Structure formats: structure tokens, C-alpha cells
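Single-structure report; data block below.
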Amino acid sequence: MDTQWRLDNIYPSADSMELKEDIAQLNRLTEELNSWAESELSRQSDAAKNVEEYIKRKNELLHYDKAEIYLNLALSVNTSDENLSSMLDRVGRIKANSAKHEALFARYLKGLDIDELIAEKSALKEFEYFLKQSAIAALHTLSPNEELVAAKLKTNGSSLWEKQWEQLTSGLEITFEYKGKSYNEPLSSVRNMAYSKDRGLRLAAFKAELNSYKTVEVPAAFCMNGIKGEVLTLSKLRGYSSPLTMTVEQSALTMPALEAMLGAVKEFIPECSRYFEAKAKMLGYNDGQLPFYELFAPVGEDPSYTLEQARDEVIMSFTSFSEEMGSFASNAFEKGWIDLLPKRGKVGGAFCEAVHAVGESRILTNFSGSFNDVVTIAHELGHAYHDSRLYKAAELNSTYPMPIAETASTLCETVLINEVLKDCDEKTALVILENDLSGTMQTLSDIYSRFLFEDEVFKRRAEGTLSAETLCSIMSEAQKEAYGCKLSELHPYMWLCKPHYYDADFNYYNFPYTFGMLLSKALYGRYREMGRDFMPMYNHLLELSAVADLKETAKAAGFNIEDKDFWRYALALVSEEIDTFIQMTKKR
């Protein structure tokens, strides 16, 4: 089977005439829309007609986002390619010019009644949510010239800091020796050793990983400071009380919903501690505390998979849940949507990117053969399935906020795990259940620690520049609180290896995972209740996610996300899994 994704149906190559022409078209359409907006959006007459024309032009412009997507994809598997980087810089500069027409449109909306516009032009009904969200965002939009300056400065600010961080980490070669063998591996491969059956290798890799960060901690800290400083400055200029309130609003969430969720998670820390203590004792740590490098340690004979076995397991599990989803997964593998294996110059971790222009997604993973890697493939295919429900919509109606994005992906993890558990023996079931709980605890304890870390970083960055030592200290304290603290050894450099901190457009990237995991648990409960009737409701919920806020979207499944009892209900399902796990460990 192919282990590298195919990008040729997006563009034949980075040197292709098609890509060059589309970049030129992107530039032309951006300039034309800027000129049109400057001319036509300066008066209130024919407002409905002007809004309709703007939407038409904006949708046409968004089609050419595929140029930027293609270059990002190509660069993610070859981060040292200077030509790709240069082309991406150029596209970034072109797209920065969109700030002008977006700011002009935002200013235009400030004096309009959206309901009246829709009443006058029925075609605008399709874009009602976009218009109403844009009107809210308009309240935080700077003047057109200020937005244009901010966008251009970003290309020489946070965008460059992000690329610096990517080069620092993707080019990091980690060298160490263990049992007479010399290792010289990229960071992604060394981090994958946390799943090794050999405790000594886990420890050696962990120490080598931490030592390697010391060689890049100073420039990485500069990257963090530059990005977070820019976010603080712009969020304040736009009238937000903090980056958190900005993120919550941009996530189509409400503070009551976030506070209800985080409050329930904080209450749940003692329950998480029961799991950590049980795992620690299984691994021989009688004090009930785990070193950080043991969080992912297998507790038995961890199933290993070839790529072919992983593919078949995912397709079979999805098919048992839904023929529609099984066919979707099979198609993704057959058509080469997935870049599977780690290699030098490839970014670590995993992601899914929607390519609306061709009605497909692309998935990146760093597969090493563990069951967790199979779960990762299922997770990213969940993102891709979500995107597939929106490819028929206009591109303005195809984007959704981060929290709901992690719902579809995490539900697919649950589907895979529950299907695998049906047919395995007790020993394997224990391993898989622990593996699932390990991921769940990452989404609760570790994600909560990352939220606490980022929140504290923003508060302190507002007062001055933070050193690498300070960043390590903040991370350590956050881990102590979130883990309860059942960790005998921490990972103070978690801030350096996670890409989410280095994207100025995705602040507080952490809590969406908790939101998605808990909502997916509740959705799986709905599936068990509804059977075949689940998929139509679920598909509707996914389609609704791009044209409704999260509170309204969740109502499609009968949930109230502002009620702490909803989150307690979802967490109670996790408690049941912890109970089952502890009972199984006592039988060993």
C-alpha cells in the first residue's frame, strides 16, 4: 500500500504552471475584491445587493486557498525545502492583503440589520450564520488600514516565529546510546519511544529528548514570546478583555459553557488520580506515582500492527458502526489521502487538512506500529469525515470551530476501540482499555495542564518577556495541578514540543480536545440508544456545525453544554471505564 499521500490532483508539482497560474489568480482576485470593496462598500445604498456580491466574490477567492494548502502540505513532509518555503511566503503576503476587504466588509456590516438584508435578498438566507458571526466580529475589527498593517506585520512576525520553531524541532537530531546501540533519530521517532515495551528505552529516550530541548530552548522561548506578544497586542487593540475571551468568541462557544466544562474537569481530578495510581502499581511503582515517561507505557502485550493490518482494522471497525463511514475510510486509503510514516524533515504529530476545492482531505501521521497509531489514523479520518459532510456547501459555509472539530475525530476513536474490544481476549482487552484511558487522561489531565500553562503564559507575557526557565516552571506547576499530582517526574519542556502554542491564529488550542472527547462520549451513548437512526442525526449535527454556534449544534443531539451536569454525565462514563480498568487489574 502507498505510505505517502498523493497531492497531484491538487497540483501536479510545486513547479507546475497550474500552481503558478492559481497564485497569480489569487493575487488578481484579492486586488479586485479590495478595489471593489473600497468603491462599493463606502455607501449604504443597495446594501443587500452589495452583501450578496461580496459573498459571491469571497467564495470565488476562497477556492484558491488550495494553493496555500498545497504548499503547506508539501512543506510539512519536507520542511527544509527552501523553494516551497519561499512560495508559501509569497502566498502568505498575498493573503495578508485580504485584510483590507475583510475590514471594509466588517465596517459595512456595523450599520446594517442582517435580518432586514435577508428579508430583502432571500439568497442571503444560506449565509445567515456567516453574516451574523461577521457582524459580531465586526465589533472587534480595526480600521481597514490598521487591519492591513496588522496582517502584513504578521507575515514578518508570528508567521516567521512559527516557521523558526518548525525548523528547530523538525531538524532536531537526537543522539543517545542504550544497551550498546547508538541512536540518531528525529524528534518524532524519539517521542514515539514512549510507547516502547522496554522501560529502559523509554527512560533513555525521555532523558535524551529533554536534553535535546536544552540546545534549542532559548530560540524556542523567543518564538513563544514573539507569538504570544503579538496575540496580546492585537486582542487588546480589538477590544477583547483577554486572548481567552477572544478565543471563546471565535470558537462559537460561550464562557458559561467553557466554565461548566472546566469546572467539571477540575472536580474530576481525583477520579483521574485513581487511574494513575492503578497504572503506577501495575508497573511496580508502589507509591502510586508515575514518572512522566511512563504515562504511555504498555501494561501488557501491546498489539502491534503492520500498515495493512491498521488499515483493515480501521475500515472494519468503521463499517461495523456505519457502512457509510466504512466506505469513506476505504476510499481515503485507496486514493492516497494519508502520509503515514515518520522521516527526516517531516513534521511530527498528526493532522488532517481539508481541501475543499477538490472535495478531499489529506492526513499526516507518524505511524510506528502501535495500537495508539491505529487510533490516530481513526482520529484523523474522523476529521476528514466531518469535512466530507461540508464539501457540497459554499466555502464560506464549510468552516467550523475547533471544539466541534475534535468531536468527530474523537468519536471515531471510540468507535474503533469499542469494536476492537468486542473480539479480543481478556489480556488484550486490558491493554486496549488502558490505552484508551491513557488517551482519555491526556485529554483531561494533560490538556487541562496545557490550558493552565497557556493561560498563565498570557498573563505573565503581558508583564514582560518570559525565559525558557520560566516557561519550564509554569509548565511544571500546571502539570502538578492537573495531574493531582500523581507524577513523580514531570515534563517541563512540554511547551517546546507542542505545535499548537506556535500558531497565532489558534490560541488555547487545548480545551477543544476536552470538549470534543466529552461530547463524543455522550454521542456514542446516543448511538447505543438510537442504533440505525443515529447516523442521520449525526450527519445533520456535523453539517450544522458550520452554520450554527456550538450551543445550538449540541442541541441537535439533545445536549445543553452550558449545564455542568451534562459534563458530569459525560465524565461519569469515563468513571465507569476507570472502574472496569481497576477491576481488571485486580484479576492479574
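What follows draws every value from the coordinates through simple rules; no lab data is involved. On a predicted model such as this, the values are computed, not experimentally measured, just so you know. For neighbour counting, all protein chains shown are included, and Cβ atoms are generated from backbone atoms with ideal geometry for every residue, glycine included.
Straight-line reach only, C-alpha to C-alpha below 21 angstrom: list the lysines that LYS427 could link to, leaving out same-chain residues fewer than 8 apart. Output for LYS427: LYS197, LYS279, LYS281, LYS586, LYS587.
Under a 5 Å amide H cut-off, with hydrogens placed 1.01 Å from N, ASP563 pairs with nothing among residues at least 5 apart or on other chains. Mean sequence separation of contacting Cα pairs (under 8 Å, at least six apart), scaled by the length of segment 17-156, corresponds to a relative contact order of 30 percent.
Gain in length, ASP563 to GLU128, computed as 0.36 nm per residue apart minus the alpha-carbon separation, to one decimal in nm?
On the way: separation 435, 0.36 × 435 = 156.60 nm, distance 2.69 nm.
Difference between extended and current length: 153.9 nm.
Here segment 441-505 is treated as a Stokes sphere of Kirkwood radius computed over C-alpha pairs; at 10 °C and 1.306 mPa s its diffusion coefficient rounds to 132 µm²/s.
Taking each pair of distinct Cα atoms in the chain once, what is the resulting Kirkwood hydrodynamic radius in Å?
Values: mean 1/r = 0.0398 Å⁻¹.
About 25.1 Å, per the Kirkwood formula over Cα pairs.
Helix 511-530 axis versus longest C-alpha principal axis of the chain: approximately 80°, rounded to the nearest ten. Cα centroids of segment 261-331 and segment 369-415: how far apart, whole angstrom? About 18 Å separates the Cα centre of segment 261-331 from the one of segment 369-415. All Cα-Cα separations within segment 17-156 were binned at 10 Å from zero, giving a P(r) of 11, 37, 31, 16, 4, 0, each value a whole percent of the pairs.
Rounded to the nearest whole Hz, the Karplus-based 3J(HN,Hα) values (6.51 cos²θ - 1.76 cosθ + 1.60, θ = phi - 60°) of segment 262-270 follow the sequence 5, x, 5, 5, 4, 4, 7, 3, x, with x at glycine and proline. Could you calculate the FRET efficiency of SER39 with THR175 from 1/(1 + (r/R0)^6), where r is the beta carbon distance between them and R0 is 45 Å, rounded to 0.05? That gives a FRET efficiency of 0.15. Helix 65-76 and the longest principal axis of the C-alpha atoms of the chain enclose an angle of approximately 30°. Around the amide H of GLU489, modelled in the peptide plane, lie the amide H atoms of PHE292, all under 5 Å away and 5 or more residues distant in sequence or on another chain. What stretch of the chain, leaving out the sites themselves, is the longest with no GluC sites (Glu not before Pro) in a DSSP loop having at most 13 other Cβ atoms within 10 Å? Longest stretch, sites excluded: 1-300. Against the chain, whose longest principal axis is taken from its Cα atoms, helix 402-422 shows a tilt of about 30°. Computed about the Cα centre, the dipole magnitude for the chain is approximately 1020 debye when only Lys and Arg (+1) and Asp and Glu (-1) carry charge, each at its Cβ. In this structure the amide hydrogen of GLU360, modeled in the peptide plane, comes within under 5 Å of the amide hydrogens of VAL355, none closer than 5 places in sequence on its chain.
Values of log10 I(q)/I(0) for segment 428-575 across q = 0.16, 0.21 Å⁻¹ run -1.00, -1.30, by the Debye formula with one identical scatterer at each alpha carbon and no solvent.
Dimensions of segment 86-150 based on its C-alpha atoms, expressed as ranges along the principal axes with the largest first, amount to 46, 22, 14 Å.
Given the Cα atoms of segment 135-237, and with Rh set as the inverse mean 1/r over their pairs in the Kirkwood sense, what is Rg to Rh to two decimals? Intermediate results must be reported in sequence, preceding the final value.
On the way: Rg = 20.0 Å, Rh = 16.5 Å.
My calculation puts Rg/Rh at 1.21.
Loop-located trypsin sites (Lys or Arg not before Pro) across segment 109-170 with a Cβ neighbour count of 12 or fewer within 10 Å are LYS110, with loop assigned by DSSP. The Cα trace of segment 471-542 gives Rg and Dmax of 17.9, 50 Å, the first to one decimal, the second as a whole number.
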